[in-house]
Amino acid sequence: MNKLNMLGYTLSEDNVEEYKAEMAKVQTLLKDEKYQELFRGGNSTDGKVIIKYIGDDDSIDELIIFGNANDRGFAIVRVLGN
């Protein structure tokens with residue numbers, strides 16, 4: 001592992017609109033065709049987990065882990081490897 005980035009965004013009554021805007025940005029990033037989906041789980045009621053990567057079966061260059069809880073917020077982790 002060469003680098004690890006993490007971003008967490010907590011949902012509160014005061015930031016609902018900002019939260020929705022940030023969530024939309026993350027969802028747009030995750031739709032990029034350069035990412036291959038490795039895993040998807042959860043549901044629309046509680047929240048979801050998505051794991052995507054760049055690389056091939058033998059070598060992952062970048063790993064993205066995204067999780068959200070609909071009533072708490074979201075977190076995204078980016079791991080760069082070699």
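The values are calculated or read from the model by the stated rules, or taken from the named source; none is laboratory data. Remember, it's a predicted structure, so these values are computed and weren't measured experimentally. When we count neighbours, we look across all protein chains shown, and the Cβ atoms used for this are built from the backbone with ideal geometry, even at glycine. These area figures cover heavy atoms from the full protein model, side chains too; ligands, DNA and RNA do not enter into them. Shrake-Rupley method; radii C 1.70, N 1.55, O 1.52, S 1.80 Å.
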Item checked: Estimated inter-spin distance, Arg40 and Ala21, nm [label 7 Å along Cα→Cβ] -> 2.8 nm
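Looking only at trypsin sites (Lys or Arg not before Pro) in DSSP loops with at most 16 other Cβ atoms within 10 Å, what is the longest site-free stretch of the chain? Mind showing how you got there, number by number?
Numbers: sites that count: Lys31, Lys34, Arg72.
The segment 35-71 is the longest one with no such site.
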Check: Which one, (1) 102; (2) 115; (3) 85, gives volume of the Cα convex hull per residue in Å³ as derived from the coordinates shown?
Finding: (3)
Check: Distance from the Cα centre of the stretch 1-26 to that of the stretch 36-73, in angstrom?
Finding: 14 Å
Note to self: Can you return the lysines within cross-link range of Lys20? Criterion is Cα-Cα under 26 Å, with same-chain partners fewer than 8 residues away left out.
What the structure shows: Lys31, Lys34, Lys48, Lys52
Note to self: As a test question: what accessible area, to the nearest 10 Å², does Leu7 have when a 1.4 Å probe is rolled over all protein chains in place?
What the structure shows: 90 Å²
Next item on the list: Note down the relative contact order for the chain as a percent, whole number, built from C-alpha pairs under 8 angstrom at least six residues apart.
Entry: 37 percent
Notebook entry, point to check: What part of the accessible area of the chain, given as a whole %, is carbon or sulfur when the probe is 1.4 angstrom?
Noted result: 50 percent
Notebook entry, point to check: Is the stretch 20-67 rounded, prolate or oblate when judged by the Cα gyration tensor, a ≥ b ≥ c being the square roots of its eigenvalues, rounded requiring a/c under 1.5 and prolate requiring a/b larger than b/c?
Noted result: oblate
Margin query: So, for the chain, what is the accessible surface per residue at a probe of 1.4 Å, expressed in square angstrom?
Written below: 71 Å²
Item checked: J(HN,Hα) series, the stretch 42-54, from Karplus relation 6.51 cos²θ - 1.76 cosθ + 1.60, nearest Hz, glycine and proline x -> x, 8, 6, 7, 9, x, 9, 10, 9, 10, 10, 8, 10
Note to self: Starting from the 7 Å offset along Cα-to-Cβ, what nm value, one decimal, do you get for the label separation of Leu30 and Asp14?
What the structure shows: 2.7 nm
Next item on the list: Return the aspartates and glutamates within reach of Lys3: Cα separation strictly under 13 angstrom, same-chain partners fewer than 8 residues apart disregarded; answer none if there are no such residues.
Entry: Asp61, Glu62
